[in-house]
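What follows is one structure encoded as structure tokens, with my remarks underneath.
The numbers here are math on the coordinates, done by the rules we state, and not lab data. Predicted model only: the values in this text are computed from it and were never measured. With ideal geometry, Cβ positions are generated from the backbone for all residues, glycine too; neighbour counts draw on all protein chains shown.
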Amino acid sequence: MVNTMSDSDQYKITKEPFYQAQGKEIALYEAAYEARLPVMIKGPTGCGKSRFIEHMAWKLNKPLITVACNEDMTASDLVGRYLLDANGTRWLDGPLTVAARIGAICYLDEIVEARQDTTVVIHPLTDHRRQLPLDKKGELIDAHPDFQLVISYNPGYQSLMKDLKQSTKQRFSALDFDYPDTKVEVGIVAREANVDEDMAARLVKVAHTARNLKGHGLDEGISTRLLVYAATLMAKGIDAPDACRMALVRPITDDADIRSTLDHAIDAVFAG
């Protein structure tokens, strides 16, 4: 028997995760949660999708169970499986099942990385049924009234072979995310890494250079997350150009020409 009080509490976020709103996303998400609508968050890597969900779980005082999806993930990884132990076999709930039982927000991060035959298991939880069949166990779970399913993915980075089926997409409401505008992003970097706004503004300028190269040699631009990494290194005493090369350039490309272009941009931005 699941102890819903203790199981629920262990997944709650006790400290407020910093999130800077960019529009109406907080109010829109609150309305979706009140109606228990499943939500799809779309946006580029490192733009704040996961932080937003963490912030909303904290704000709503709801448990949050996050699953980082990958191509090897099976349906059993989500719903559960039988395990062998000294007494024979026992059933172990997967994260989706735990969330449905205790009334958590279940966040499937980068859902398109999972195999399409795996994502089918979420369908009965995303319509009027709000049920999760455990076929191997012969059990049908009615989702807790507080349960909500949230998925995320980066539509700009997916091939045709890695996209959600329409039959899945049309089960969700959706919010579009993008990198913040310059002023907001400067404030986020300065606050998260504890650097002054002038330094943060220079980092954001470097990021804009890289983002303009997306589709012209870069698959992805420099994310807000990486800007915070660079600022954090600088706050630890690392010279700005070295911090930028380590945190902003080397992670995103191995192309010598692109690296050279970005390295020159860094030198120009931090000259003097």
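Per-residue HN-Hα couplings for region 74-85, Karplus 6.51 cos²θ - 1.76 cosθ + 1.60 at θ = phi - 60°, whole Hz, x for Gly and Pro?
Going residue by residue, I get 9, 4, 5, 5, 8, 9, x, 7, 7, 10, 8, 9 Hz, with x marking Gly and Pro.
Mind listing which GluC sites (Glu not before Pro) in region 1-60 are in a DSSP loop and have 11 or fewer other Cβ atoms within 10 Å?
On the way: sites: 25, 30, 34, 54; in loops: none.
Nothing satisfies the criteria.
Quick check for you: which residues of region 112-136 have the amide N under 12 Å from the point 7 Å beyond the Cα of residue 167 toward its beta carbon?
Residues passing the 12 Å test: 116-124.
Using a Förster distance of 30 angstrom, determine the FRET efficiency expected from the C-beta separation of residue 87 and residue 140, and round it to 0.05.
On the way: r = 26 Å, r/R0 = 0.86.
So the FRET efficiency works out to roughly 0.70.
If one computes P(r) from the Cα atoms of region 4-176, what percent of pairs lie at distances over 28 Å? Mind dumping the intermediate values first?
Working: 3049 of 14878 pairs.
Cα-Cα pairs of region 4-176 separated by over 28 Å account for 20 percent.
Show me the three semi-axes of the equivalent ellipsoid for region 1-95, from the C-alpha gyration tensor (sqrt of 5 times each eigenvalue), largest first, rounded to whole Å.
31, 17, 12
Arrange the peptides 79-88, 141-150, 121-130 so that the one whose residues have, on average, the most other Cβ atoms within 10 Å appears first.
On the way: 79-88: 11.7, 141-150: 19.8, 121-130: 16.3.
So the order, starting with the most tightly packed, is 141-150, 121-130, 79-88.
For region 182-269, report the translational diffusion coefficient in µm²/s to the nearest whole number, using Stokes-Einstein at 25 °C, 0.890 mPa s, and a Kirkwood Rh over Cα pairs.
Estimated diffusion coefficient is 195 µm²/s.
State, as an integer percentage, the relative contact order of region 71-218 based on alpha-carbon contacts under 8 Å between residues 6 or more apart.
19 percent
By how many degrees, 0 to 90 and rounded to 10, does the Cα axis of helix 256-269 deviate from the longest principal axis of the chain?
Orientation of helix 256-269: about 60 degrees from the principal axis.
Can you list residues from other chains, or at least 5 along the same chain, whose modelled amide H is less than 5 Å from the amide H of residue 66?
107
Less than 21 Å apart at the alpha-carbon level, and either on another chain or at least 8 residues along: which lysines does that give for residue 24?
42, 49, 59, 62, 183
Using helices alone, what [θ] at 222 nm do you get for the chain, with -39,500 (n - 2.57) per DSSP H run of 4 or more residues, divided over all residues and rounded to the nearest 500?
About -11000 deg cm²/dmol.
Taking the Cα centre of the chain as origin, sum charge times position over the Cβ atoms of Lys and Arg (+1) and Asp and Glu (-1), and report the length of that vector in debye to the nearest 20.
Dipole of the chain, to the nearest 20 debye: 560 debye.
Any idea how far the Cα center of region 254-272 sits from the one of region 186-248, in Å?
12 Å
Of all DSSP beta bridges in the chain, what percent run antiparallel (nearest 5)? Walk me through the numbers on the way to the answer.
Working: 10 of 28 bridges.
Antiparallel bridges: around 35 percent, rounded to the nearest 5.
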